[in-house]
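> Please read through the structure below; I'll follow up with questions.
The values are calculated or read from the model by the stated rules, or taken from the named source; none is laboratory data. Fair warning: this is a prediction, and the values are worked out from it, not measured in the lab. With ideal geometry, Cβ positions are generated from the backbone for all residues, glycine too; neighbour counts draw on all protein chains shown. Just so you know, the surface numbers come from the protein's heavy atoms only, side chains and all, with ligands and any DNA or RNA stripped out. Shrake-Rupley method; radii C 1.70, N 1.55, O 1.52, S 1.80 Å.
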Amino acid sequence: TSAALTLLGGSVAALVVWKWLGRKMIQKKMEEARRTRDEGMKKMAKAVQQFREQVPSVQTDAILSLPLLELTGRLQEGSLSPRTVLYTYLEKALEVTQQTNCLRHFIPECEEQLQEIERRKEKGLLYGIPVSIKDHIGHKGHLATCGLVQCLGTVMEEDSVLVKVLKKQGAIPFAMTNVPQSLYSYECSNPIFGQTLNPLNPQRGPGGSSGGEGALIAGGGSILGIGSDMGGSIRLPSSFCGLCGLKPTAERLRWVLALPLQPCSRSGLRRGEVLVPCALGPMARDVDSLALCMKALLCQEMFQLDPAVPPIPFNEEVYSSSTPLRVGYYDTDGYFPLPPCMRRAVKETRRALQAAGHQLVPFSPPRIPYVMTELFMKTFFADGGRTWLDVFTGDIIDPGLKPQVNSCRIPRLVKKLLALLLKPLVTIPPPLKDVAMISTCRSVKEMWNHQHQIQVYRSQFIAQWKELQLDVVLCPVLGPAFTTGYPRKLLTAISSTMLYNVLNFPAGIVPVSTVTEADEEELKLYKGCCDDPWDRTLKQAVSGAVGMPVAVQCVALPWQEELCLRFMKEVETLSRDK
């Protein structure tokens, strides 16, 4: 007996030591990644200082205040040099990341790209424009971490197609921005590089998962960024940070990553992509910038590098049109009631559009609770979240993801019982409500049926759209920016953006207002759907946001990005004329 106890005690001690050593190894990898990032920033700061000494008379504020279209014009005509613009934005990006922790890494090869474009005879549409890119968009020689320790060896062999096209058009990728761990969150935090803050208010988050992009651009450290969106990851940071952002039809700018030099088990990161595809898209300060970026990317180079991208160039005629539009609108989706300021934004924009000569038609998106639980959540957690959990093997889980991770770790039978018990109830605490929503596909046949249900819903939605003869739809978006720590408590608050990922419609965000004292007073009376813990949590998340941006969402049918952008431009113009 004593021998057995000794053996058991030894085994337990060995397990404890093994776990301790594993954790120490993880900590060492994270410290090394942070050290590499900090060294890169020091090199960039030194390069900026050297440039400042060589050219002391640069009008930094004047350059940073130029809209993208004006900046490209100045670069094309030669009144500004790409070198001056690059180092001006590098300097500003260093300042913004010190305040917000938005950068994952500078791209030192930006200086090589600068020299390359200076030698060229042909100037592309983005000649000399510094561009920031989201952490996981492949750039040769750099990591694509997704905020995961297991991906810290994921060095890319070559540039992704999108980066190649940006460079072909004369752009200079200069920085990679921070993301939430695994990308499955709109709280921009991971254990390696930490929490990103909103430059407009450091008590609030920038949204996610393209939160580093949102913070950098809103802080003035980038004029154009590329994000990705699978549930609102471009649109939520745009809403929270007061930017314009476009989620195109997913296949318009195809999801193509370069290959890593070393393998990284990220199979769980893009699961469900065929059913609810991930879209790459631009983020910027104004709609014209988004349009220019799309025009630059939808070029022959893109179509040749990735034959799976339909060869449809940007239609300038549609974007420039002034024909009155027939606009469907709604200010609530009937699933997750948004704060009063977000509904006010839709109502004011609707009135402005009507006064400008557009035809406004009430529109009600069908069956949003069904879409959220049975289509969207079931796509991502078809196996109960087991594939997603695999990406955290040998990793430290960020606090922002712990509620979702813990929900997925509950045994399948317990989840089913909880779902049966909780779904009929009106008042369910947020963590339990998230568990109740996780439904699974138990067989291949059920997965095929799930795919069919998504197709049926898309057809029904389009039929309703066509019956009303709509051109576009105006609707709300989640906002204003949440106080840090709250997105993890409100996973399913993203119904306003998630819908258009399931549908694969182009959707964009335009800031139209800011939170007022009157909005705050009205928020005190906010009851949400049924004044349950979920609604009260949302109220806490957004309270005290006076002065923060308030945005609306603009939507078009698949492949009609130009019409979506044209509508966004109209909304932007009317909001600025108020």
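> Would you be so kind as to identify which of GLY220, PHE314, GLN464 lies farthest towards the positive end of the dipole of the chain, taking Lys and Arg as +1 and Asp and Glu as -1 on Cβ and the Cα centre as origin?
Positive-most Cα among the choices belongs to GLN464.
> Let me ask you something else. Given a Förster radius of 41 Å and the C-beta distance between LYS46 and ARG23 as r, what FRET efficiency does 1/(1 + (r/R0)^6) yield to the nearest 0.05?
The computed FRET efficiency comes out at 0.75.
> Can you compute 3J(HN,Hα) from phi for each residue in region 328-336, using the Karplus curve 6.51 cos²θ - 1.76 cosθ + 1.60 with θ = phi - 60°, rounded to whole Hz and x for Gly and Pro?
The phi angles translate into x, 8, 8, 10, 8, 9, x, 10, 10 Hz.
> Using a simple spin-label model with points 7 Å from Cα along the Cα→Cβ vector, what separation in nm is obtained for ALA355 and THR36?
Taking the two extended label points, one gets 5.4 nm.
> Continuing with the same structure: Taking N as the number of residues in the chain, what is its alpha-carbon radius of gyration divided by 2.2 N^0.38 Å?
The value comes to 0.97.
> Using 29 Å as the Cα-Cα cut-off, could you pick out the over-long pairs in LYS92/LYS524; LYS524/LYS578; LYS134/LYS569; LYS247/LYS527; LYS19/LYS43?
Correct reply: LYS92/LYS524; LYS247/LYS527; LYS19/LYS43.
> So, one more: 5 Å is the cut-off here: which amide hydrogens, built 1.01 Å from N in the peptide plane, fall below it relative to GLY227, excluding neighbours closer than 5 in sequence?
Placed amide hydrogens put GLY281, MET283 under 5 Å from GLY227.
> In the chain, which helices (entire DSSP H runs) extend 27 Å or more along their own long axis, judged by Cα positions, while averaging at least -1.0 on the Kyte-Doolittle scale?
2-54
> If you don't mind, another one. Under the rule of at least 5 residues apart or a separate chain, name every residue whose amide H is placed under 5 Å from the amide H of VAL472.
So VAL472 has HN proximity to ARG326, GLY328.
> Evaluate the charge dipole of the chain about its Cα centre and quote only its size in Debye, nearest 20, assuming +1 on the Cβ of each Lys and Arg and -1 on the Cβ of each Asp and Glu.
I would put it at about 1540 debye.
> Ordered by packing density, taken as the mean number of other Cβ atoms within 10 Å over each peptide's residues, highest first, how do 232-240, 86-94, 564-572, 154-162 rank?
232-240, 564-572, 86-94, 154-162
> Compute the length gained on full extension between GLN300 and SER322: take 0.36 nm times their separation in residues and subtract their Cα-Cα distance, giving the result in nm to one decimal.
Going from the current span to full extension adds 5.1 nm.
> Sticking with this one: How would you rank 180-186, 50-56, highest first, on the average number of other Cβ atoms within 10 Å across their residues?
In decreasing order of mean packing, 180-186, 50-56 become 180-186, 50-56.
> Moving to a separate point now. Amide H neighbours of ALA507 under 5 Å, at least 5 residues apart or on other chains, H built in the peptide plane: list them.
The answer is LYS247.
> Based on the mean of other Cβ atoms within 10 Å per residue, sort peptides 219-228, 383-392 so the most packed one is first.
219-228, 383-392
> Can you send over the carbon and sulfur percentage of the accessible area for region 13-104, probe radius 1.4 Å, protein chains only?
Using a 1.4 Å probe with all protein chains present, region 13-104 comes out at 54 percent carbon and sulfur.
> Could you tell me the calculated FRET efficiency between GLN59 and LYS524, based on Cβ-Cβ distance and R0 = 45 angstrom, to the nearest 0.05?
0.45
> Rounded to the nearest whole Å², what accessible area per residue is found for region 21-113 with the 1.4 Å probe?
54 Å²
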